[in-house]
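The values are calculated or read from the model by the stated rules, or taken from the named source; none is laboratory data. Predicted model only: the values in this text are computed from it and were never measured. Neighbour counts are summed over all protein chains in view; Cβ atoms, including those assigned to glycine, are modelled from backbone coordinates with ideal geometry. With ligands, DNA and RNA removed, areas are computed over all heavy atoms of the protein, side chains included. Shrake-Rupley method; radii C 1.70, N 1.55, O 1.52, S 1.80 Å.
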Amino acid sequence: MATSPCSSSGVSSSSSSGLGADAGLEIRTRSVEQTLVPLVSQITTLINHKDKPKRSDKTLQAIQRVGQAVNLAVGRFVTVGEAIANENHELKEEMSVACIEARRAGETIAQLTDVASLDHPESDSHITIFTDKTGVVKAARLLLSSVTKVLVLADRIVIKQIITSRNKVLATMEQLEKVSSFQEFVQIFSQFGNEMVEFAHLTGDRQNDLKDEKKKARMAASRAVLEKCTMMLLTASKTCLRHPDCESARINKDGVFHRMRLALEQVIEIVTDSRPNGENEMAPISIYSGIKEFKSKVEGLRENLYFLSKENLSTMLEVILEHTEDFTDSAYTSHEHREHILELSKQAKMELEQLVSVWMQAQNQKTKDLMEDLEVAILKTCQCMNELKREVHSAATSLAADLLKYHTDHTVLKALKITGVEGNLEAVAEYTCKLSEQKEQLVEMCRLLRHVSGTEPLEITCIHAEDTFQVTGPQIISAAETLALHPSSKIAKENLEVFCEAWESQLSDMSLLLREINDVFEGRRGEKRVYLSLPRPGKHNANLKALKPVKLDTEEQAKIAKLGLELHLLTSDVDSETEKWEDQENEIVQHGQGMSSMAYSMYLFTRGEGLLKTTQDLFHQAEIFATEGTKLASALHALSDQVHDDDKPLLLLEAEKLISLCKQLQATAKASAQGKSATFTKVDACILKTRNVMTLLCQLLPLCCKLLRKNKAGNGCLKPAPPWKENRIRTGTNARTPERRVETFGIKSLENHVTNMTFLESK
């Protein structure tokens, strides 16, 4: 069986109360994480109850209800866990121990919260939550640890299902490779189609459930290969059966089987979190990620002059500049881009030399003048790296745009089909050479795009595209050669069509990928809605980029950078809160996402990146942000009409706070500012006030979610586990989807017993 998901690194703390799950458990899927959310919320409510001298009967009854709710939910949860253990003997012992621990912890919490009937709940004669808070914390830790273990063990069963499904697919593939008659092939391929549908269903669920975006991207790439190769396997095998003595047909078929096996192996590596022979996964190194890390280290010198050596910084720059050689050495890079990249590389070395010189002096003598010189050197170095990043991005994306436009008519593929049907071997040979040239161009394009892709998932998509072109090109050639040798063969013609369609499909995917890469570079994050609230480009006097670093007020520039970082952290917090809502179309969520996206653009401005190029752009964005905040306040007022009377004053108070902060920001953004100093003061004020609004938004979103959940009486607005959507693969046969549902053993049934618990809302 696969490597256990329980055997890796630990889980982060569950709450500020010191609750934590077993350090030997790692939660890798969203379904496990989201199943724990309501339990953690319940227990946190109990632990964080306010110790007041006087407690009302209502408070005591509420505490007892929560304790009983936890115990009842755990009891139902454990019953399902025990049923799963009985159906999976290899996990029975571990699962049974975890279930016993969970049941015991639930009963302990119920006993400690049994306070409603006592005259003096804080009396030493009866141990309760008031007299033994440590006992409650211990019971809570045991409960979270045991419940998490049950969930992770159940998750191992899902992994086992995927491995079993993969093994069935491999076994059937081996049979398909050996068949010698059409009748036998059709029979076995029908079975293979059913097995691939089930495998696609299981792996699709897993892909949606993965927390790690990098693994999710790798899984998507592997599943895309399997989906396309299923049809290729059908036509390539039929061609080989029809022309058993044709060498090019055999090569074509063998290539498909080999690629499918590699994709199946990668899926198992992802779900089991293991590599063959224990080797470590080498993360692809890109210019974008290298520059990002380098700038982070350089900017870190503001806080600490001693946290790294000058040799480390020099080595990091050398690695980045080595990778720029992929552009300067490429035959497809324009002369202009090549010259600019070489010039900026030389400038980067000079800027780093100057930075190191001032840095070393500042370590020996930390005077005000030296610290100002250091700040200037940091700004110059980072600005140079930004320009280098912009140049390589322009080189890669302009090449990609030109190539995709040039190859959009698929002239070479059309010619191969025509000459193949004509049986013209000489013409086929000529066009296969042209296809090989096209393949080299597209492979080079993917390599350069990877350097500027901006995120790890997009890097993985670039690598997948490169592999696809590398493999599909020779497969088209072998399919075309087969058709040219057998020009009257309908199956050989169909086979070539299938491989050409895969090539055309990948070219189409590249256009979408290029758009995503540009979105990331310009600050329009791919995972968020794009808000086209930016001004049209215009000429503005107050342009931060136009200011020379040597004339900047170093103290103010450092302050803006620090505020920008705080803004970045707040956007992450808001994103995290909005993701917890089940109804992503809720008006409050949409306004929150819009404000987060705009705040992120303002953060990028503080780094000299993104769509906001001038201070006027920033001020305009601040106005739009404030308007969006006012709309959110209106949505809060609408929500206040739906909630209970006890909750209404709090919500209206928060809405008024938001309106006040947005008005302040709008006034600041509209105020005039003349001169460099006044402009920087206005920039500072806008970012500061935006930060204040985002801080309030971080508090508002969970409050609104709780109130909605309370109002809907159990129909929670927290996301449940991602739905298991069937992802069917076209097999070219009438293979039916297996009727047996494969979620019998998963964590789905466990999840329902935890998420249906009632919540005590602390006021």
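Per-structure values
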read-out: Subset of the range 220-243 that is among the charged types (D, E, K, R) and surrounded by fewer than 18 Cβ atoms within 10 Å (Cβ to Cβ) - its residue that is nearest to the chain's Cα centre (by Cα); value: 227
read-out: Yes/no for residue 83 being of a type in the set (Gly, Ala, Ser), at pLDDT 80 or above, out of contact with any helix residue (DSSP H, G or I) (no Cβ under 8 Å at 6 or more places or on another chain) and under 22 Å from residue 36 (Cα atoms); value: yes
read-out: Single residue of 439, 414 found to be outside the structural domain of residue 331 (by the TED database), assigned to a helix (DSSP H, G or I), farther than 30 Å from residue 521 by Cα and out of contact with any Lys or Arg (no Cβ under 7 Å at 6 or more places or on another chain); value: 414
read-out: Criterion (in the same structural domain as residue 695 (by the TED database), closer than 27 Å to residue 579 by Cα, open to solvent by less than 10 Å² (accessible area, probe 1.4 Å) and not in a helix (DSSP H, G or I)) met by exactly one of 632, 665, 612; value: 612
read-out: Residue match in the range 673-690 (condition: in contact with a Phe, Trp or Tyr (Cβ under 9 Å, 6 or more places away or on another chain), open to solvent by 60 Å² or more (accessible area, probe 1.4 Å), modelled with pLDDT of 55 or more and assigned by the TED database to the domain that holds residue 590); value: no
read-out: Conditions (1) crowded, with 20+ Cβ neighbours inside 10 Å; (2) at pLDDT below 95; number of the one not met by residue 476; value: (2)
read-out: All positions within the range 183-196 that are open to solvent by less than 10 Å² (accessible area, probe 1.4 Å) and not aromatic (Phe, Trp, Tyr); value: 193, 196
read-out: Given (1) open to solvent by 60 Å² or more (accessible area, probe 1.4 Å); (2) within 30 Å of residue 239 (Cα to Cα), index of the condition residue 484 fails; value: (1)
read-out: Residue 217 vs. criteria open to solvent by less than 50 Å² (accessible area, probe 1.4 Å), modelled with pLDDT of 95 or more and in the same structural domain as residue 186 (by the TED database); value: no
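For every residue, the table says whether it meets (1) modelled with pLDDT of 95 or more; (2) more than 30 Å from residue 351 (Cα to Cα).
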residue: 372; (1), (2): no, no
residue: 408; (1), (2): no, yes
residue: 416; (1), (2): yes, yes
residue: 434; (1), (2): yes, yes
residue: 438; (1), (2): yes, yes
residue: 442; (1), (2): yes, yes
residue: 448; (1), (2): yes, no
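Each row is one residue, and each column tells you yes or no for (1) of a type in the set (S, T, N, Q); (2) open to solvent by less than 20 Å² (accessible area, probe 1.4 Å).
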position	(1), (2)
373	no, no
381	yes, yes
386	yes, yes
398	yes, no
408	yes, no
417	no, no
420	no, yes
431	no, no
436	yes, no
